[in-house]
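The values are calculated or read from the model by the stated rules, or taken from the named source; none is laboratory data. None of the values given here were measured: they were computed from a predicted structure. When we count neighbours, we look across all protein chains shown, and the Cβ atoms used for this are built from the backbone with ideal geometry, even at glycine.
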């Protein structure tokens, strides 16, 4: 009987370790994404702070966006070539890429004429402002589910120390 109890304890420990490992991998992937996004945002904010109106586009080097790159918009307006490049300056963890997460940099015939949404009439798409709270709630619920699964597993084995 004592030998069976030791086996059950090992099974429970293995199961608890598996749940913890699974959960921590999800958290690690999210943390890495947040770090990468934070670096991109800092680079963009630094780059934008050093821009000078009247600069030539060929003399500017846009920051690299490893995730969530948004292609430039190019069009003709009369005899003027308009180019709008976007730099990531915000992040909302809602799995969308929306206007409010980028700052437009506007060039006319290769010359910087404006930075920001004012010139374009404001952002057209907005991220989910409740995404962060939903994400926190999901993590809390995930932990609660894993704790409850461990308790049920423990009870199914009729172990005396289960709560």
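I'm told residue 146 meets every condition in (1) surrounded by 14 or more Cβ atoms within 10 Å (Cβ to Cβ); (2) part of a helix (DSSP H, G or I); (3) in contact with a strand residue (DSSP E or B) (Cβ under 7 Å, 6 or more places away or on another chain) except one. Can you identify the failing condition by its number?
Failed condition: (3).
If residue 113 meets every condition in (1) within 27 Å of residue 136 (Cβ to Cβ); (2) over 26 Å from the mean Cα position of the chain (by Cα) apart from one, which number is that one?
Going through (1) within 27 Å of residue 136 (Cβ to Cβ); (2) over 26 Å from the mean Cα position of the chain (by Cα) one by one, residue 113 breaks only (1).
Given the condition modelled with pLDDT under 80, exposed (fewer than 12 other Cβ atoms within 10 Å of the Cβ) and either touching a helix residue (DSSP H, G or I) at 6+ places or on another chain (Cβ under 7 Å) or part of a helix (DSSP H, G or I) (or both), answer yes or no: does some residue in the stretch 124-132 qualify?
The first filter runs over the stretch 124-132 and keeps only residues modelled with pLDDT under 80, leaving 124-132.
From what is left, the residues that are exposed (fewer than 12 other Cβ atoms within 10 Å of the Cβ) are 124-125, 129-130.
Of the ones still in play, those that are also either touching a helix residue (DSSP H, G or I) at 6+ places or on another chain (Cβ under 7 Å) or part of a helix (DSSP H, G or I) (or both) are 124-125.
Yes.
Residue under question is residue 91, and the condition is that it be without any contact (Cβ under 8 Å) to a residue 24 or more places away in the chain, surrounded by 15 or more Cβ atoms within 10 Å (Cβ to Cβ) and closer than 23 Å to residue 130 by Cα; does it hold? Before the answer, list the steps.
On the way: without any contact (Cβ under 8 Å) to a residue 24 or more places away in the chain: no; surrounded by 15 or more Cβ atoms within 10 Å (Cβ to Cβ): yes; closer than 23 Å to residue 130 by Cα: yes.
No: the conditions fail for residue 91.
So the check is Cβ under 6 Å with 6+ separation or different chains; which pairs have a first residue in the stretch 56-81 that's at negative phi and assigned to a loop (DSSP other than H, G, I, E, B) and a second one that's surrounded by 11 or more Cβ atoms within 10 Å (Cβ to Cβ) and at pLDDT 90 or above?
That search, which allows pairs on different chains as well, returns 72/83.
Looking only at the stretch 16-33, decide whether some residue is at pLDDT 70 or above and surrounded by 11 or more Cβ atoms within 10 Å (Cβ to Cβ).
So the first thing to find is which residues in the stretch 16-33 are at pLDDT 70 or above, and the list is none.
Scanning the stretch 16-33, I find no residue that is at pLDDT 70 or above and surrounded by 11 or more Cβ atoms within 10 Å (Cβ to Cβ), so the answer is no.
For residue 136, all conditions in the list (1) modelled with pLDDT of 80 or more; (2) outside any strand (DSSP E or B) hold save one; what is the number of the exception?
Checking residue 136 against (1) modelled with pLDDT of 80 or more; (2) outside any strand (DSSP E or B), the one that fails is (1).
How many of the residues making up the stretch 107-118 are in a loop (DSSP other than H, G, I, E, B) and farther than 14 Å from residue 60 by Cβ?
3
Contact list please: Cβ distance under 7 Å, first residue in the stretch 112-130 and closer than 16 Å to residue 80 by Cα, second residue modelled with pLDDT of 80 or more and loosely packed, with under 14 Cβ neighbours inside 10 Å, pairs at least six apart or on different chains.
Cβ pairs passing all conditions: 112/51; 112/53; 112/54; 113/53.
Inspect the stretch 89-106 for any residue being part of a loop (DSSP other than H, G, I, E, B) and farther than 21 Å from residue 36 by Cα and give the result as yes or no. Give the steps one after another, and end with the answer.
First, pick out the residues of the stretch 89-106 that are part of a loop (DSSP other than H, G, I, E, B): 89-98.
Checking the rest, the ones that are also farther than 21 Å from residue 36 by Cα come to none.
Looking for residues that are part of a loop (DSSP other than H, G, I, E, B) and farther than 21 Å from residue 36 by Cα, one finds none in the stretch 89-106, hence no.
Any idea which of (1) modelled with pLDDT of 80 or more; (2) under 24 Å from the mean Cα position of the chain (by Cα) is the one residue 118 doesn't satisfy?
It fails just one condition, (2).
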